[in-house]
1. Which net charge results for the neighbourhood of Arg67, defined as the other residues with beta-carbon distances under 13 angstrom from its beta-carbon, given Lys and Arg at +1 and Asp and Glu at -1?
2. Which ³J(HN,Hα) values in Hz, rounded to whole numbers, follow from the phi angles of the range 37-47 under the Karplus curve 6.51 cos²θ - 1.76 cosθ + 1.60, where θ = phi - 60° and Gly and Pro get x?
3. Please give, to one decimal in nm, the separation of the simple spin-label points placed at Arg111 and Lys60, each 7 Å out from Cα toward the Cβ.
4. Quick one: net charge around Gly43, please, counting Lys, Arg +1 and Asp, Glu -1 for every other residue with C-beta under 14 Å from its C-beta.
5. Any idea what angle helix 59-71 forms with the longest principal axis of the chain, computed on alpha-carbon atoms, 0 to 90 degrees, nearest 10?
6. Which ³J(HN,Hα) values, rounded to whole Hz and listed in residue order, are derived for the range 91-103 from phi using the Karplus coefficients 6.51, -1.76 and 1.60 in 6.51 cos²θ - 1.76 cosθ + 1.60 with θ = phi - 60°, glycine and proline given as x?
7. Multiply the residue separation of Ser16 and Gln120 by 0.36 nm, subtract the distance between their alpha-carbon atoms, and state the gained length in nm to one decimal.
8. Quick one: putting +1 on the C-beta of Lys and Arg, -1 on the C-beta of Asp and Glu, what dipole do you get for the chain around its Cα centre, in Debye to the nearest 20?
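Every number in this text was worked out from the coordinates using simple rules, so none of it is lab data. Note that the structure is predicted; figures quoted are calculated from it, not measured. FYI the Cβ positions are ideal-geometry reconstructions off the backbone, even for glycines, and counts take in every protein chain you see.
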Amino acid sequence: MEEGAEVAASIGDVLSGDCPGRGILEHITSRWGLLVLVALREGPLRFHQLRDRIGGISEKMLAQTLRVLVRDGLLERTVEPATPPKVFYALTPLGQDGIPALCEVIRWISRATPGIQMAQRRYDAGLTEG
């Protein structure tokens, strides 16, 4: 299979309702999943460091997101014996492998935001006028 056809096939699979990649896609692209992964790109962080780095995330949502991403094998949770125990989160090699693509998505959003906001304003103005 040619590379282009291979990519099209893999994208087509995720469009299928029974694709196992759908759940993983949801975890990574959830409101907080992408931000947690990107926040850890420069190295391990403790829970409170992640919470402080990611504006607006609640402790409950951070804990849930971390648990899901650890289960998916994208993050590792390390507990250092201390009183109280020190818990660090870090990207696994699998998680690190996805960081370039995730950062590119964020860069695209950054570049596209002015145009998207303009489109939103035009759309909203059209709704109020008609």
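1. Working: positive: Lys60, Arg71, Arg77; negative: Glu59, Asp72, Glu76.
Residues close to Arg67 contribute a combined charge of 0.
2. Calculated HN-Hα couplings, in order: 4, 5, 5, 8, 5, 9, x, x, 9, 7, 3 Hz.
3. If labels sit at Arg111 and Lys60, their model points lie 3.9 nm apart.
4. On the way: positive: Arg41, Arg46, Arg53; negative: Glu42, Glu76.
Result for the neighbourhood of Gly43: +1.
5. For 59-71 against the chain, the angle is about 90 degrees.
6. 5, 7, x, 5, x, 4, 4, x, 4, x, 5, 5, 5
7. Working: separation 104, 0.36 × 104 = 37.44 nm, distance 2.94 nm.
Gain on stretching Ser16 to Gln120: 34.5 nm.
8. Numbers: 15 positive and 16 negative charges, 151 e Å.
Computed about the Cα centre, the dipole is about 720 debye.
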